[in-house]
1. Find all pairs meeting these conditions: Cβ atoms under 8 angstrom apart; at least six residues apart or on different chains; first residue within segment 158-173 and more than 12 Å from residue 126 (Cα to Cα) and basic (Lys, Arg); second residue outside any helix (DSSP H, G or I) and open to solvent by less than 60 Å² (accessible area, probe 1.4 Å).
2. Against the condition open to solvent by 60 Å² or more (accessible area, probe 1.4 Å), within 13 Å of ligand 1 (Cβ to nearest atom) and not small (Gly, Ala, Ser), how does residue 79 come out, does it pass?
3. Could you say whether any residue in segment 118-128 is within 16 Å of ligand 2 (Cβ to nearest atom) and either within 30 Å of residue 1 (Cβ to Cβ) or at pLDDT 95 or above (or both)?
4. Which count do you get for residues in segment 1-60 that are out of contact with any Lys or Arg (no Cβ under 6 Å at 6 or more places or on another chain), farther than 27 Å from residue 121 by Cβ and of a type outside the set (A, V, I, L, M, F, W, C)?
5. So which helices (runs of 4 or more DSSP H) stay within segment 1-86 end to end and still have 2 or more residues that are farther than 19 Å from residue 170 by Cβ and within 16 Å of ligand 2 (Cβ to nearest atom)?
6. For the condition more than 25 Å from residue 135 (Cβ to Cβ) and at pLDDT 95 or above, what is the one hit in 198, 174, 159, 146?
7. Find all pairs meeting these conditions: Cβ atoms under 6 angstrom apart; at least six residues apart or on different chains; first residue within segment 133-155 and in contact (Cβ under 8 Å) with a residue 60 or more places away in the chain; second residue open to solvent by less than 40 Å² (accessible area, probe 1.4 Å).
8. Just to be sure I understand, how many residues within segment 44-57 are touching a Ser or Thr at 6+ places or on another chain (Cβ under 7 Å) and surrounded by fewer than 17 Cβ atoms within 10 Å (Cβ to Cβ)?
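The values are calculated or read from the model by the stated rules, or taken from the named source; none is laboratory data. Note that the structure is a prediction, hence the values are computed from the model and not measured. Counting neighbours? That spans all protein chains shown, and the Cβs are built from the backbone with ideal geometry, glycine included. Accessible surface is based on the protein model in full, side chains and every heavy atom, while ligands, DNA and RNA are left aside. Shrake-Rupley method; radii C 1.70, N 1.55, O 1.52, S 1.80 Å.
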Amino acid sequence: MQVILVGLPGAGKGTQAERITASFGIPHISTGDMFRRAVASGTELGNTLKSYLDSGRLVPDEITIEVVRNRFKEEDAQRGFLLDGFPRTLQQANALDVMLDELQRPIDAVLYIHVNEDVLLSRLTGRRICKNCGATYHTVFQPPKQEGICDRCGGELYQRADDTVEAVKTRLEQYQHTAPLIDYYRNRGLLHQIEGEQPIDKVFEDVSKVLRAIE
Ligand code: AP5
Ligand code: ZN
């Protein structure tokens, strides 16, 4: 199955993606994660991307589309995928339609995790991520058992460079490019709105209901 996650920065896309891949067995394709790995490994692509990521601006469409196109060629993507953070502009959505036509893999569902903007600043500034396995925590809403240490693998937790008040502001402004996608997919009958301000497990219950119906 081919599923897309959309929502404001901090809506809970990555948190739900972890659970979806664990329960439904489809690979998680997150452009944000791929870009951060490129920055961390200091590749030429990574050096180009760093200033966009750190400041919260969108990476240019041509680069982003090329990265996704290459990712689709990997073997695990042949059994479907969960796209997280892509597409993020109408141009990316159009490019995705062309790629999926070529692959003969239609979009089954678009999950729109809806939250109000006022919850996002505290969610993002309190977020912590495992350096080793990528698991997501929150200092208040989803705290690890031992401060600064991943429950799952014992790895050290860190804070993303774009989870500062200033970068979050820019990311929220950039969302104006993504907001039109909601109507784009709603008009095609693909959109499922999920209430993202419920507890994490309850959000996942609602997500699972939609996915079980299309599985
Ligand atoms: P990306 O990595 O995609 O970041 P984002 O969209 O800003 O989304 P986040 O990862 O910040 O939030 P999330 O919704 O996954 O929230 P999470 O589950 O972690 O992109 C980063 C950058 O890469 C962009 O700024 C851009 O530069 C570039 N980029 C990426 N894709 C691109 C594209 N397609 N085109 C151009 N540029 C691109 O949750 C947040 C926190 O809240 C966590 O701490 C979590 O524990 C907590 N939480 C989650 N759910 C709940 C809940 N229900 N209740 C309470 N707390 C919760
Ligand atoms: Zn870990």
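1. Partner pairs satisfying both residue conditions: 169/56; 171/9; 171/56; 171/162.
2. No; evaluated as a whole, the condition is false for this residue.
3. Within segment 118-128 (the criterion being within 16 Å of ligand 2 (Cβ to nearest atom) and either within 30 Å of residue 1 (Cβ to Cβ) or at pLDDT 95 or above (or both)), the answer is yes, since at least one residue qualifies.
4. So the answer is 11.
5. 13-24, 31-40
6. Residue meeting the stated conditions: 174.
7. 135/150; 136/14; 136/15; 136/129
8. Going through segment 44-57 one residue at a time, the tally reaches 2.
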